[in-house]
Amino acid sequence: MEVGSIPLDRLASLLDKERAERLLDYAVRARALLADRIVWNVNATATGGGVAEMLQALLAYGRGAGVDTRWLVLDGTPDFFRITKRVHNHLHGSPGDGGPLGAAERAAYEAALAPNLEHLLEVVRPQDVVLLHDPQTAGLVPALREAGLHPVWRCHIGRDSPNDLTASGWEFLRRYVEPSEAVIFSRPVYAPEWIDPARRWSIPPSLDPFTAKNRDLAVSEVEATLSYAGLVSPDGHPDVAFTRRDGSTGMLRRHRGLALTGGPVPDDVRVVLQVSRWDRLKDMPGVLEGFAARLPDLPGDVHLMLVGPDVSGVTDDPEGREVLEECLTAWRAQPEAARARVHLCSLPMDDIDENAHLVNALQQHAAVVVQKSLVEGFGLTVTEPMWKARPVVASRVGGIQDQIVHGQSGLLLDDPRDLDEFGERIAEVLRDHALAHRLGTAARERVRQQFLGDRHLAQYVDLFQRVLEG
């Protein structure tokens, strides 16, 4: 993947003087430590997930700091991605498709990784660092370590309370993960007990405020974007420009049919929004049912938007099409009055900057953003609207509870399956404008303090120093 270069001064402009100086000090350390080395990142997809979005920004800041950072994306077969999605679900404590993780699956997994490994061994040098992301890449670790390289494996997923399924997922991965020089988790509790504490690191994800998905937009830009794309009516706007991640100007395409149900959202209503993959653990059908059940108690000017990617554009998630169909089935089962106020939308993935701009506009347009995940590794779909000063209602699971302080920077659902509590939390924010403003303001500041890239980059420098200096 092509990696740009972003000067650290851009990020430093958002920080107080002490933090900005600390960031620049770490850049000096990084250049000395990694002067003749390349930091390679390997993951499963270039688009459609938080890992890819983080890599776009972090690697560009690394290059801006004078570190040679590069990004490779796996080639995988449909069978490989079915197996790794199964492992993904198991680590979340969910059965997924219910299939096995036995000898046949292990053989198929390793066979699909073999040509990727061959290419990796051709380009990586002994002094380089290889940062591998999530279960899809774990099988590369042993051979890289045997070749005298420095593999570090990062797991972005996990479950607060392990069960038999998480044990099964970790048993599948253990032989691959154990040789890693370091293992990174988003939360300490995600680490299985057999990981050597001396090699275990906890590094939460981060957000870049300057990407197409997170840059501040004027109200007029938001309105023009959503209208031109056919997500909000009426349409009467001229051509719409947006800023790409490399700083160049892109032109929004005029889309039709992104709203799969309910048509475009009227421009004079308030929107409750969930943006996520079509993943069962995000519980989009539950969001729909909880909202529809609460409609008699909600103001008449409130609509729900459930927004996910075009399922043909996310290659590493074979369940997406099935989950989208489950959501459509749940929508069809609602009475006509509810169907008119629920909009399922699918965003194109063939232009990742345009997709990010659309998500940005949707989040800034929303009155309330929800993330009713049943399990969540971290949840950048929570961090993003928090940065945009939106009030967020989300499940008290995984990394979401590290981001939101209940009642201060958002509202947390103690039980994500409790649709009554879900509906009441939404109604509470919609009824109380002062509460919504206070939550949104505090949310943006919490992201600025805890979840920007300067903290993330500094933790990587500390980790790489430990690995390279033994």
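The values are calculated or read from the model by the stated rules, or taken from the named source; none is laboratory data. This one's a predicted model, so the numbers in the text were calculated from it and none came from an experiment. Every residue, glycine among them, receives a Cβ derived from its backbone with ideal geometry; neighbour counts consider all protein chains shown.
Annotations
- Some residue of the stretch 21-42 being within 19 Å of the chain's Cα centre (by Cα) and either closer than 22 Å to LEU140 by Cα or in contact (Cβ under 8 Å) with a residue 40 or more places away in the chain (or both): yes
- A Cβ distance below 8 Å, combined with a sequence gap of six or more or placement on separate chains, defines the contacts here; from the stretch 414-426, residues that are assigned to a loop (DSSP other than H, G, I, E, B) reach residues that are of a type in the set (Phe, Trp, Tyr) in the pairs PRO416/PHE422.
- Single match in ASP36, ASP75, ASP134 (criterion: within 29 Å of ARG244 (Cα to Cα) and either surrounded by fewer than 15 Cβ atoms within 10 Å (Cβ to Cβ) or of a type in the set (Phe, Trp, Tyr) (or both)): ASP75
- Members of the stretch 221-239 that are surrounded by 13 or more Cβ atoms within 10 Å (Cβ to Cβ) and among the charged types (D, E, K, R): GLU221, GLU223, ASP235
- In the stretch 174-192, the residues that are part of a strand (DSSP E or B) and of a type outside the set (A, V, I, L, M): PHE185
- So ARG294, is it part of a helix (DSSP H, G or I) and basic (Lys, Arg): yes
- Taken as a whole, the condition of being closer than 30 Å to ARG321 by Cβ and free of Cβ contacts under 8 Å to residues at least 40 places away in the same chain applies to GLY230.
- When the test is whether a residue is over 24 Å from the mean Cα position of the chain (by Cα), surrounded by 23 or more Cβ atoms within 10 Å (Cβ to Cβ) and modelled with pLDDT of 95 or more, LEU120 passes it.
- Within the stretch 58-110, being touching a helix residue (DSSP H, G or I) at 6+ places or on another chain (Cβ under 6 Å), among the small types (Gly, Ala, Ser) and within 30 Å of ARG10 (Cβ to Cβ) holds for GLY64, ALA65, GLY66.
- Test for TYR61: is it over 21 Å from the mean Cα position of the chain (by Cα), crowded, with 21+ Cβ neighbours inside 10 Å and hydroxyl-bearing (Ser, Thr, Tyr): no
- Looking across the stretch 240-264 at every residue that is polar (S, T, N, Q) and surrounded by 15 or more Cβ atoms within 10 Å (Cβ to Cβ), the one that is modelled with the lowest pLDDT is identified as THR243.
- Hits in the stretch 410-424 (condition: surrounded by fewer than 22 Cβ atoms within 10 Å (Cβ to Cβ), in contact with a strand residue (DSSP E or B) (Cβ under 8 Å, 6 or more places away or on another chain) and either in the same structural domain as LEU132 (by TED's automatic domain parsing) or farther than 30 Å from VAL183 by Cβ (or both)): GLU421
- Test: VAL269 is in contact with a strand residue (DSSP E or B) (Cβ under 8 Å, 6 or more places away or on another chain) and at pLDDT 95 or above: yes
- Just one of the listed residues (ASP9, ASP79) is closer than 30 Å to GLY99 by Cα, charged (D, E, K, R) and either in a helix (DSSP H, G or I) or not assigned by TED's automatic domain parsing to the domain that holds VAL123 (or both), and it is ASP79.
- Entirely in the stretch 302-378, the strands (runs of 3 or more DSSP E) that have 1 or more residues that are modelled with pLDDT under 95 and under 30 Å from ILE184 (Cα atoms): 302-309
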